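To keep things clear, I will list the structure first and then write my remarks on it.
Nothing in this text is a laboratory measurement; each read-out follows from the coordinates by a stated rule. Everything numeric here is computed off the predicted structure, so don't read it as measured data. Cβ coordinates were reconstructed from backbone atoms using ideal geometry, including for glycine residues, and neighbour counts include every protein chain displayed.
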Amino acid sequence: MSLSGKTAIITGSNSGIGLGVARELAKAGANVVLNSFTDRDEDHALAEEISKETDTKARYIKADMSKGDECRALVEQAGACDILVNNAGIQHVSPIDQFPVEKWDAIIAINMNSAFHTTAAALPMMRSAGWGRVINIASAHGLTASPYKAAYVAAKHGVVGMTKTVALETAQEPITCNAICPGYVLTPLVEAQIPDTMKEYNMSREDVVKNILLERQPSKEFATVEQLGGTAIFLCSDAAAQITGTTISVDGGWTAL
Ligand code: NAD
């Protein structure tokens, strides 16, 4: 399907899932807006690379998704928003009675509150364009829990709840709002955990991947950023026009257990 002429904003997209989804949306013809809180040459270079590869207009806009006014400014600065992918996210793992307050606040702000601010700013643009797609990158942890991830699990469940409410508020308009719930995806964030875990458990890389990281993922395979991008493109298609207010799991069977 062609997304030619559509503008897609993907929050937190200078690496990992956000970057992968942005690439797939650009390949489908969308003009993408990349984002993170940094403003480095390589951030802008990523946008240039995508523009060249896909013959679309890609831009990088710096905005810190932990700050509500910057979330709204990102959308305003983009000037148009037909597809909004709320992806920015961080993680911290700790028992709840030792969970650092500043980590709790940052996770709730970046992983959940940012989606409130960007969606609030983007909906008027979608309404005036007469079409829109809000795609929230939640997680299997938006549907299930794990110990030591209280803030992440709370934020992701919150995003799933907000997804349903936005869908109801836009139900009679040509706008949909859904959440994609990935299981483990081998992004730089996850890759970085492998060497330490190998040392901690004295295990091979293969055993760490299968028995620790993918313990709850029955397929024993990572989901890929391309698969998540493909799911986002499906949600933008006419076939998905009546799919709203729901979650799509891309988790190798995690939530079937
Ligand atoms: P990642 O660390 O590669 O990407 C996170 C992105 O968010 C980066 O581009 C980073 O720069 C950006 N970011 C962080 N703080 C920000 C801030 N304050 N303002 C703007 N941008 C900010 O991680 P990822 O694995 O690609 O995760 C992306 C999303 O997917 C997250 O919401 C994460 O919770 C979700 N997710 C990841 C997995 C996985 O296994 N990797 C599984 C389920 C859900």
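Annotation: amide H of Tyr60 within the under-5 Å range of Leu34, sequence separation 5 or more or interchain, hydrogens built in the peptide plane. Look at Leu3, Leu189 and count the other Cβ atoms within 10 Å of each Cβ; fewest to most, that gives Leu189, Leu3.
Taking the Cα centre of the chain as origin and assigning +1 to Lys and Arg Cβ atoms and -1 to Asp and Glu Cβ atoms, the resulting dipole is close to 440 debye. Simple rule: put +1 on each Lys or Arg Cβ and -1 on each Asp or Glu Cβ in the chain, find the dipole, and look at Ser146, Val93, His157; the Cα lying farthest toward the positive end is His157.
Think of region 1-73 as a dipole: +1 on every Lys or Arg Cβ, -1 on every Asp or Glu Cβ, centred on the Cα centre; then among Gly68, Ile10, Gly29, Gly29 lies furthest on the positive end. Per-residue ellipticity at 222 nm from helix content only, as computed over the chain with -39500 (n - 2.57) for each DSSP H run of at least four residues, stands at -12500 deg cm²/dmol. Summary of packing: across the peptides 25-32, 131-138, 54-61, the per-residue average of other C-beta atoms within 10 Å ranks them, highest first, as 131-138, 25-32, 54-61. The tail of the calculated P(r) for the chain beyond 26 Å holds 37 percent of all Cα-Cα pairs. Each 5 Å bin from zero up to the one holding the largest Cα-Cα distance in region 216-257 carries the following percent of pairs: 5, 21, 23, 22, 17, 10, 2. The stretch between Asp55 and Lys210, if pulled fully straight at 0.36 nm per residue, gains 51.9 nm over its current Cα-Cα span. Centre-to-centre separation between the Cα atoms of region 204-221 and those of region 125-203: 21 Å. By how many degrees, between 0 and 90 and to the nearest 10, does the Cα long axis of helix 41-54 differ from the longest principal axis of the chain? Relative to the chain, helix 41-54 is tipped by roughly 60 degrees.
The slack between His92 and Asp196, meaning 0.36 nm per residue of separation minus the straight C-alpha distance, is 35.9 nm.
Taking other Cβ atoms within 10 Å as a rough exposure proxy, Ile212, Ile175 sort from fewest to most as Ile212, Ile175. Round to the nearest 0.05 the FRET efficiency obtained for Ser15 and Gln172 when R0 = 35 Å and r is the Cβ-Cβ distance. Calculated value: 0.40.
Between the helical axis of 16-27 and the longest alpha-carbon principal axis of the chain there is an angle of about 30 degrees.
Here Lys52 is the anchor, and the lysines within straight C-alpha reach of less than 19 Å, apart from those fewer than 8 places off in the same chain, are Lys6, Lys27.
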